[in-house]
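Please treat every number below as a calculation from the coordinates, not as lab data. It should be emphasised that the depicted structure is a prediction, and the values quoted were computed from it without experimental measurement. All Cβ positions, glycine included, derive from the backbone under ideal geometry; neighbour counts span all protein chains shown.
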Ligand SMILES: Cc1ncc(COP(=O)(O)O)c(C=O)c1O
C-alpha cells in the first residue's frame, strides 16, 4: 500500500477548465461553502463553542468541498483528447455521496470503494447516481477501502484515483477555503481552540493551519471513535463507531496529521453510544439536526471549553446532519444512560 502524500497546492484548485467543460458546476459552486458559524450550547461561565454547520452544503456535508476540489484538480490534469475521465476513490460515506452526485451531474464515471457496513440507503443513492460501488469487508475499515482503491487503480489504469487520504488538494481546500471562511467569520477575533473529528485528517490539519495564523497558541484537539482510536496499534475492526472518522489500525496514522501538523494534537475518544446520545441531546436542546461526528465534536469541544475562560472561543465543525434513525437510537440511549447515572 502506498502512503505517500502528493499534489502540493498553495490554494484550492482552479475552476476555469471545469466550468468551461461542465457549466452545470457553476450553480453547485455558488451554493458550496460559506456555511454558518454559530454559537452552540456551551458550558456556563466558560469559553463559547462556535460550530461550522457543513450540512448547509449542496449535498449535505463537508465532503462536498473536498470532492469539488479533487474533481476540479482531476479535470485540470486530464487530457480529454486522450479519452474520458473516470474517477475512483475510497470513502467512509460522505465523499462517496458527493463524488457520485458530481459525477452524475457532469456525466463523468465515478467508482467508490466503501465498507460493506454502509447503510443500504447510501448504497441505493450511490447506484441511483450511476456510481460503481465496490464494497469491502467492514472488518478492514479505512485501511481496507484505501488498499482496495489502490489495487483497482493499479489493475485498471483507466481509473484516476483521487486518493483523498494522500492528495494534498484535501488539506488545501480546508486551509484556504473552510479555514479562511472561519477566520473571516470570526470578524477580527481569533479562535482559542479548534476541535475536529479525523477521517483523512484534512479538516483537522487544514483548518488548524489557517486558524493558527491568528493565534499561534491555538489549542487543537482531535476527536476519534473509542472503538478504533487514531493511531491505535490494534487491528482495524468492523465495530459500530460514529461515522466519518476512525483510526487506521496497526499503528498507522493518517499521513496528513503526522506530516502537516508541527505537533501531533491530543485525541479525545467518543464512543458510538455517546455520539448518538449526544446527537439526540443536541437536537433536544436546539431543535437542530447534527450527525454523529458533529455530536462527538460538540462533546469534545465542551470539555475543551470547560478548561478555558469566558470570552475565549472554541471552534468546531459539524460535518453533516446525520440520520433520524441514528438520532432515534441516540434518544433511547440518552434516557437510558441518564437513568443509570441517577
Ligand atoms: C461525518 C464526517 N465527519 C467527519 C469527517 C472527517 O473529515 P476528514 O476526512 O477531513 O478528516 C468526515 C469525512 O468523511 C465525515 O463524513
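How high is the relative contact order of the range 1-108, given as a whole-number percent (alpha carbon pairs under 8 Å, six or more residues apart)? Numbers along the way, then the final one.
Details: 95 pairs, mean separation 28.8, N = 108.
Normalised by residue count, the contact order of the range 1-108 is 27 percent.
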**Prompt:** Each label point is 7 Å from the Cα along the Cα-to-Cβ direction; what then is the distance between the points at residue 158 and residue 263, in nm?
**Reply:** 5.1 nm
**Message:** Run the paramagnetic zone check for residue 16: 7 angstrom along Cα to Cβ, then residues of the range 56-90 with backbone nitrogen under 20 Å.
**Reply:** 69-81
**Request:** In whole Å, largest first, what are the principal axis extents of the Cα atoms in the range 220-342?
**Result:** 41, 40, 29
**Message:** Restricting to Cα pairs below 8 Å that are 6+ residues apart, what does the relative contact order work out to for the chain? Please round to a whole percent.
**Reply:** 20 percent
**Message:** Just to be sure I understand the model, the point goes 7 Å from the Cα along the line to the Cβ. What's the resulting residue 328 to residue 234 distance in nm?
**Reply:** 2.9 nm
**Asked** What number, rounded to the nearest 500 deg cm²/dmol, is the helix-based mean residue ellipticity at 222 nm of the chain, given -39500 (n - 2.57) per DSSP H run of at least four residues and division by all its residues?
**Response** -12500 deg cm²/dmol
**Prompt:** How do 331, 157 rank when sorted from fewest to most other Cβ atoms within 10 Å of their own Cβ?
**Reply:** 157, 331
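Using the per-residue mean of other Cβ atoms lying within 10 Å as a proxy for protection, in what order, highest first, do the peptides 167-175, 102-110 fall? Present the calculation step by step, with values, prior to reporting the outcome.
Working: 167-175: 26.1, 102-110: 19.9.
Those peptides, ordered most packed to least, come out 167-175, 102-110.
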**Request:** Would you mind telling me the antiparallel percentage of the DSSP bridges in the chain, rounded to 5?
**Result:** 15 percent
**Request:** Could you give the spread of the C-alpha atoms of the range 157-308 along their three principal axes, from largest to smallest, in whole angstroms?
**Result:** 47, 33, 30
**Request:** Would you list the P(r) distribution for the range 98-191, with all Cα-Cα distances sorted into 10 Å bins from 0 and each bin expressed as a whole %?
**Result:** 14, 34, 31, 15, 5, 0
**Message:** Just to confirm the number: angle between the C-alpha axis of helix 63-77 and the first principal axis of the chain, 0 to 90 degrees, nearest 10?
**Reply:** 30 degrees
**Asked** Taking Cα atoms, how many degrees apart are the long axis of helix 202-211 and the longest axis of the chain, rounded to 10 and kept between 0 and 90?
**Response** 70 degrees
**Message:** If you restrict to DSSP beta bridges whose two residues both lie in the range 125-272, what percentage is antiparallel, to the nearest 5?
**Reply:** 10 percent
**Asked** Roughly how tilted is helix 94-106, in degrees to the nearest 10 and between 0 and 90, from the longest Cα axis of the chain?
**Response** 40 degrees
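List the relative contact order of the range 64-161 as a percent without decimals, with contacts defined as Cα pairs under 8 Å and 6+ residues apart. Mind showing how you got there, number by number?
Numbers: 148 pairs, mean separation 28.7, N = 98.
Relative CO of the range 64-161 lands at 29 percent.
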**Item:** Antiparallel DSSP beta bridges within the range 19-178, as percent of all bridges there, nearest 5
**Value:** 25 percent
**Fill in**
Stokes-Einstein, Kirkwood over Cα pairs, the range 161-203, 25 °C, 0.890 mPa s; D in µm²/s equals 212 µm²/s
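Kirkwood Rh over Cα pairs of the chain into Stokes-Einstein at 10 °C, 1.306 mPa s: D in µm²/s?
Numbers: Rh = 20.1 Å.
So the translational diffusion coefficient is about 79 µm²/s.
By per-residue mean of other Cβ atoms within 10 Å, what is the highest-first order of 119-132, 142-155?
Details: 119-132: 15.6, 142-155: 19.1.
Highest-to-lowest ranking by the protection proxy: 142-155, 119-132.
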